[in-house]
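Values quoted throughout were computed directly from the atomic coordinates according to the rules given, and no laboratory measurement underlies them. Note that this is a predicted model, so its numbers are computed, not measured. In this analysis, Cβ positions are derived from the backbone assuming ideal geometry, glycine residues included, and neighbour counts consider all displayed protein chains.
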Amino acid sequence: MKFYLAHPFDLRYEVRFWEQLIEKETGVDLINPFYDRERFDVGDIDAGRTSRSAESLDFEGIVHNDLGLCDEADGTVMVVRPNTYSIGTVCEGWHTATILKKPVYVVGYDGHPWLRYMIKQGKGRGFRTFQELLIFLKAEMVKEKMPKRRVKKGGVKQNDNLLVELGR
């Protein structure tokens, strides 16, 4: 599984910590647009040489790159926090849920109507914390590794070499 990791720039250090922990614990690949792809502007912003609103930033390149990463992923993990500037984060979640029809997993979910709409459109889920997301992803990885069950004619389920009669 591979998910785009949409999050506010101001939370990038906290999110990076959780990204690395979740990847280690689950094997899920979280694509962090600030650290997992070449973004020269992040280093310049961190060093104080520019700001994220500088006219010199290649805003079209940033947006097209981020949306392209959403397109390549199986869905988006979107981190939101009240009173934290996050225009790109919400746009990436919206693109994933409504255009791509892929799941959006919202960390920091508070029941806001727009978040609920995105979750419903992409058949995602909301989580209050990164810990809740981690537990969910661990369970999903276990499900993904389990053999698929098939129903055969005559009401018998087949799971590799195991046959189980339905209704007994």
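Structural remarks
- Helical runs (DSSP H, four residues minimum) scored at -39500 (n - 2.57) apiece and divided by the length of the chain put the mean residue ellipticity at 222 nm at -13000 deg cm²/dmol.
- By the beta-carbon count within 10 Å of each Cβ, the least crowded to most crowded order of TYR4, TYR35, fewest first, is TYR35, TYR4.
- Considering all C-alpha pairs of the range 1-100, those separated by over 20 Å amount to 36%.
- Once backbone amide H atoms are built at 1.01 Å from N, ARG125 has VAL104, TYR105, VAL106 as its partners under 5 Å, excluding neighbours fewer than 5 places away on the same chain.
- Scoring 112-121, 137-146 by mean Cβ neighbours within 10 Å over their residues and listing the highest first yields 112-121, 137-146.
- Working from Cα pairs under 8 Å separated by at least six residues, relative contact order for the chain is 20 percent.
- Rounded to 10°, Cα long-axis angle of helix 130-145 versus longest principal axis of the chain: 40 degrees
- Nonlocal amide H pairs with ASP74, under 5 Å, H built at 1.01 Å: LYS2, PHE3, TYR4
- Computed about its Cα centre, the charge dipole of the chain is approximately 1480 debye, with only Lys, Arg, Asp and Glu carrying charge at their Cβ.
- FRET efficiency, 1/(1 + (r/R0)^6) with R0 22 Å, evaluated for MET1 and LEU21 via beta carbons: 0.90
- Straightening the chain between ALA47 and VAL63 buys 3.5 nm, computed as 0.36 nm per residue apart minus the Cα-Cα spacing.
- Rg over Rh [alpha-carbon atoms, Kirkwood Rh] for the chain: 1.09
- Using a simple spin-label model with pseudo-atoms 7 Å out from Cα toward Cβ, PHE136 and LYS101 lie 2.1 nm apart.
- Separation in nanometres of the label points that stand 7 Å from Cα toward Cβ, at ASP110 and VAL90: 1.2 nm
- Ordering of 69-79, 9-19 by burial proxy (mean other Cβ atoms within 10 Å per residue, highest first): 69-79, 9-19
- Protection proxy ranking of 129-135, 46-52 - average other beta-carbon atoms within 10 Å, highest first: 129-135, 46-52
- Beta bridges per DSSP with both ends in the chain, % antiparallel, nearest 5: 35 percent
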